[in-house]
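K.L.:
Here you go, one structure.
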Amino acid sequence: MTDLFSSARFGAIDLANRVVMSALTRNRAGDGNVPTALAAEYYRQRATAGLILTEASPVCPQGHGYPRTPGIHTDAQIAGWQGVTDAVHKAGGKIAIQLWHVGRISHPDLQPEGALPVAPSALRPAGQVFTGREMKDFVTPRALDASEIPGLVENYVQAARNAMDAGFDGIEVHAGNGYLLDQFLRSSTNRRTDAYGGGKEQRARLLLEVLDAVCGAIGNDRVGLRLSPVTTFNDIRDENPQETFDYVVQQLNPRRLAFLDILQGTGGAPREQWEPFDYDRLRALYDGNLILNNGYDFVSGQAAVSGGKGDAIAFGRLMLANPDLVARFRRGAALNQPDYQRLYTGEERGYTDYPSLTD
Ligand code: PHB
């Protein structure tokens, strides 16, 4: 029977088990948003996961929306990531980088030359952004002109090539959680009247163009995708999520990606608060490898994989606090709890100092 400890092949990536480390923003990049030796140590410690998905990593300067998040668009960043992938590979692990553009979830203080953030439409998100010094209200973004879209797609292509140069096993295109590609996908944030807005086919166009371009550049068998059909994080909604995302996954089938990574519900929110969505229907419509994420523990993760609801489970909080999560699962050992005060601060504290069973 297939379970969390079974090996798997996702496209060109061989996984020793189906325990995936989910992408986690940690805000510890060095100057120039370069991944550090400390990041290499953090990921190395977690290399017994079947697959590590890195923290979200902007594809271009405009894609940044938080302080100290590592990019994948400069030579120094590529070199920094090479240190990470070398450390993970030496420890026998596999690692894919999550490619990010935050779109409107940024602020002029975080943008080149203090420019407005870009988005499908000039709609201001409710809420605030941390600029590195203080919390500020989100601003009304600038709607991208259609003539800018090819350049945007090229940013993803270059980032995917950079990821291969840095030694990654694959990439994950981040099209969830209210960031740029999700802002195009979902109806509350996309009011465009050109080829990139309107019905689901138009709203999905940019995502599919990005996927086709990165698959062309590095091979479909190294490309994964993250979606979050009903999250409300970052002030986003869709008037008919089932219809939108049924369409998207059907468009994915002929593209034969390495994996699809679905965040169920809203990140961090309890299950009772999730908007209804039929994930089994998505599973049935989708032909490829499916990673599920959000609040799973060992028992529910085992049940989901052995029951065929997904092919792997991504763990965030558990993997953050338990570098040797796979060994702990195998032995039924007690788990460390995350230090929530040090998710986004603390350098090595709350980052590389969680004990393993052998420590
Ligand atoms: C975050 O930085 O808080 C963050 C980044 C990417 C996500 C979700 C949250 O998908």
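K.L.:
For the range 193-217, give me each residue that is part of a helix (DSSP H, G or I), within 15 Å of Leu257 (Cβ to Cβ) and out of contact with any Asp or Glu (no Cβ under 8 Å at 6 or more places or on another chain).
P.N.:
Step one: of the range 193-217, the residues part of a helix (DSSP H, G or I) are 200-203, 205-217.
If we keep only those that are within 15 Å of Leu257 (Cβ to Cβ) as well, we get 207-217.
Correct list: Leu207, Leu208, Glu209, Val210, Leu211, Asp212, Val214, Cys215, Gly216, Ala217.
K.L.:
I've got another one for you. So Asp75 ticks every box in (1) within 23 Å of Val214 (Cβ to Cβ); (2) away from the ligand (no atom under 16 Å from the Cβ); (3) touching a residue at least 40 places away in the same chain (Cβ under 8 Å); (4) surrounded by fewer than 20 Cβ atoms within 10 Å (Cβ to Cβ) but one. Which box is left unticked?
P.N.:
Here Asp75 meets the rest and fails (3).
K.L.:
Look through Arg222, Arg255 and report the one residue that is more than 16 Å from the ligand (Cβ to nearest atom), in contact (Cβ under 8 Å) with a residue 12 or more places away in the chain and surrounded by fewer than 18 Cβ atoms within 10 Å (Cβ to Cβ).
P.N.:
Exactly one of Arg222, Arg255 is more than 16 Å from the ligand (Cβ to nearest atom), in contact (Cβ under 8 Å) with a residue 12 or more places away in the chain and surrounded by fewer than 18 Cβ atoms within 10 Å (Cβ to Cβ), namely Arg255.
K.L.:
Which condition number does Asn234 fail, the rest of (1) under 16 Å from the mean Cα position of the chain (by Cα); (2) on the phi < 0 side of the Ramachandran plot; (3) part of a loop (DSSP other than H, G, I, E, B); (4) of a type outside the set (Lys, Arg) being met?
P.N.:
(2)
K.L.:
Okay, moving on. Please give the number of the condition Asp221 fails out of (1) touching a Phe, Trp or Tyr at 6+ places or on another chain (Cβ under 9 Å); (2) under 17 Å from Ala314 (Cβ atoms).
P.N.:
(2)
K.L.:
Looking at the structure I just gave you, is Thr85 of a type in the set (S, T, N, Q) and either free of Cβ contacts under 8 Å to residues at least 60 places away in the same chain or at positive phi (or both)?
P.N.:
Here the answer is no, as Thr85 does not meet what is asked.
K.L.:
Now for a different question. Can you name the residue in the range 230-245 that is among the hydrophobic types (A, V, I, L, M, F, W, C) and farther than 17 Å from Arg283 by Cβ and, of all such residues, is surrounded by the fewest Cβ atoms within 10 Å (Cβ to Cβ)?
P.N.:
This residue is Phe233.
K.L.:
Moving to a separate point now. Answer yes if at least one residue in the range 202-212 is more than 16 Å from the ligand (Cβ to nearest atom), farther than 20 Å from Leu152 by Cβ, modelled with pLDDT of 95 or more and not acidic (Asp, Glu), and no otherwise.
P.N.:
No: zero hits.
K.L.:
Any idea how many residues of the range 295-307 are assigned to a loop (DSSP other than H, G, I, E, B) and touching a residue at least 24 places away in the same chain (Cβ under 8 Å)?
P.N.:
So the first thing to find is which residues in the range 295-307 are assigned to a loop (DSSP other than H, G, I, E, B), and the list is 295-297, 307.
In the following step, the residues that additionally are touching a residue at least 24 places away in the same chain (Cβ under 8 Å) were identified as 295.
Going through the range 295-307 one residue at a time, the tally reaches 1.
The values are calculated or read from the model by the stated rules, or taken from the named source; none is laboratory data. Keep in mind it's a predicted model, so treat the numbers as computed, not measured. Because the Cβ atoms are built from the backbone with ideal geometry, glycine has one as well, and the counts that use them run over all protein chains shown.
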